[in-house]
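*Asks:* Next up is a structure, given as structure tokens.
What follows is calculated from the coordinates using simple rules that are stated; it is not laboratory data. Since the structure is predicted, the reported quantities are computational estimates derived from the model, not experimental observations. Because the Cβ atoms are built from the backbone with ideal geometry, glycine has one as well, and the counts that use them run over all protein chains shown.
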Amino acid sequence: MPRTLTRRHSSHDVAYAISLFFAVRRIMRTTLARDTHLDPATWPRIETLKFISDHPEPKMKDIADYLSISAPSATALIRGLVKNGLVSYVPDREDRRMLRLRLTFKGKAELAKAITRGIGLLGALFSVLSPRELAVFTKTLERLKEKAAE
């Protein structure tokens, strides 16, 4: 396992990075919501569909952990997705008491549409980055995500 270096950054530099992160996050959300009424539940729904797509047949606990929400909140979120025909419950093969989650055809189509729309709207924002800069940005976000998961 590679040794993780610990760097001390000035509080000013960290505060500025955090401020920029939230500013870019706000710009991205505003851009995606442009010309539409955006339901605040849209973001967790899309992230949940993406998680289920990337992690075949996850458990409800996996969703709660991923979104950093309580089990009852995850259950309510999933029930809405099931009600809308985007997700289905699948019995666990080993423990029939446990339910797993799977995207329906409608859920896959909805996710594909959301991703396509997001790329179309945010493509201009990321176009200021060279391919190398985008790769470095992506790698940086991956490292921050991994560190947060420790």
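*Asks:* Collect residues whose amide H, placed 1.01 Å from N in the peptide plane, falls under 5 Å from the amide H of residue 100; neighbours closer than 5 in sequence don't count.
*Replies:* Long-range HN contacts for residue 100: 90, 92.
*Asks:* Per-residue ellipticity at 222 nm for the chain, helices alone: DSSP H runs ≥ 4 residues times -39500 (n - 2.57), over residue total, nearest 500 deg cm²/dmol? Write down the numbers at each step before the final one.
*Replies:* Details: 6 runs with 98 residues, N = 150.
The helix-only estimate for the chain comes to -21500 deg cm²/dmol at 222 nm.
*Asks:* Apply the Karplus curve 6.51 cos²θ - 1.76 cosθ + 1.60, θ = phi - 60°, to the phi angles in the stretch 66-72 and return the couplings in whole Hz, x for Gly and Pro.
*Replies:* 4, 8, 6, 10, 6, 4, x
*Asks:* Within 10 Å, count the other beta carbons around each residue, average over each peptide in 104-112, 90-98, and list them highest first.
*Replies:* Details: 104-112: 15.3, 90-98: 9.8.
Ranking, from highest mean packing down: 104-112, 90-98.
*Asks:* So for the stretch 19-150, what are the equivalent ellipsoid semi-axes in whole Å, largest first, each being the square root of 5 times an eigenvalue of the Cα gyration tensor? If you can, show how the numbers build up before the last one.
*Replies:* Numbers: eigenvalues 167, 67, 40 Å².
Equivalent ellipsoid semi-axes, largest first: 29, 18, 14 Å.
*Asks:* Given the stretch 40-149, what count of lysine pairs have C-alpha atoms under 24 Å apart, with each pair 8 or more places apart or on different chains?
*Replies:* 23
*Asks:* Helix 105-126: angle to the longest alpha-carbon principal axis of the chain, degrees 0 to 90, nearest 10?
*Replies:* Roughly 10 degrees, rounded to the nearest 10.
*Asks:* For helix 42-54, report the angle its Cα long axis makes with the longest principal axis of the Cα atoms of the chain; keep it between 0 and 90° and round to the nearest 10°.
*Replies:* Tilt relative to the chain: about 80 degrees.
*Asks:* Based on the alpha-carbon gyration tensor of the stretch 49-122, what equivalent-ellipsoid semi-axes (square roots of 5 times the eigenvalues) come out, in whole Å, largest first? Write out the running numbers ahead of the final one.
*Replies:* Working: eigenvalues 102, 39, 24 Å².
Semi-axes (√(5λ), whole Å): 23, 14, 11.
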